[in-house]
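Student: Sharing a structure with you now.
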Amino acid sequence: MKKIIGIVTPILLLILPYLLFVVLSVGMGRPDRDSSGAYIMAGDSRLQMTQTAICIVYTVVVLLNVVWVIYQTAAGTGAQALLLWDMLMKLCYVPYYLLAAFMVLAGFATFMFGGVAIIGVMWIADVLFLIPPSIYGLCGCIRACSEKKLSVGVAVALSILHFIFVLDVVAAVVGFCTVHGRHKRQKQMEAARQPQMTYRN
């Protein structure tokens, strides 16, 4: 059961931002005018309800992931596993951030309420999507430090970079590759020692 939760929980966190992106983008509709001539956003009540439902589901998934990764860290899950999910999330979010950047640029080029709304929504979404995967990175750095696979200084630096746009992806890749490399070397050293111990016995 724990293995299933450990796989499904982060996968949901990977998928939902894209679903939320699509629904919110469709929900923007096109600028329209009310009776006074002011711009309003065209929308459908059912679409708004869908947006709200997805936002609620995403919030629940985020909270579930935060609780789960903290539990896993406290339970002694290896840093490599935590940092692997962190890196996968960060890399999988790159296409989303490219789409978000395109929409923000489109918003700057639009001098109507619709453009301002796009910029505001995408900026808030970017911040919200930055934090949950970064929790995996933070916990992974803490575990790596306790496992002596990262120095305290490096772990602190990578943890901070996880909460800065663009640099968070670099930090995720560097953190996982460093820990994975040291973990692999430890395994090789243990394997090399094993025949010597067997021969002595």
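The values are calculated or read from the model by the stated rules, or taken from the named source; none is laboratory data. Note that the structure is predicted; figures quoted are calculated from it, not measured. We place every Cβ from the backbone using ideal geometry, glycine too, and count neighbours over all the protein chains shown. What goes into the accessible areas is simple: the full protein's heavy atoms, side chains included, and nothing from ligands, DNA or RNA. Shrake-Rupley method; radii C 1.70, N 1.55, O 1.52, S 1.80 Å.
Student: Just by accessible area at a 1.4 angstrom probe, what is the order of Met49, Met103, Met189 from largest to smallest? Walk me through the numbers on the way to the answer.
Tutor: Values: Met49 140, Met103 35, Met189 100 Å².
Ranked list, largest accessible area first: Met49, Met189, Met103.
Student: Can you list residues whose amide H is under 5 Å from Leu150's amide H, if they're 5+ apart or on another chain and H is modeled 1.01 Å from N?
Tutor: Cys145
Student: Testing the spin-label approximation: label points 7 Å from Cα along Cα→Cβ at Val94 and Gln186. State their distance in nm.
Tutor: 2.8 nm
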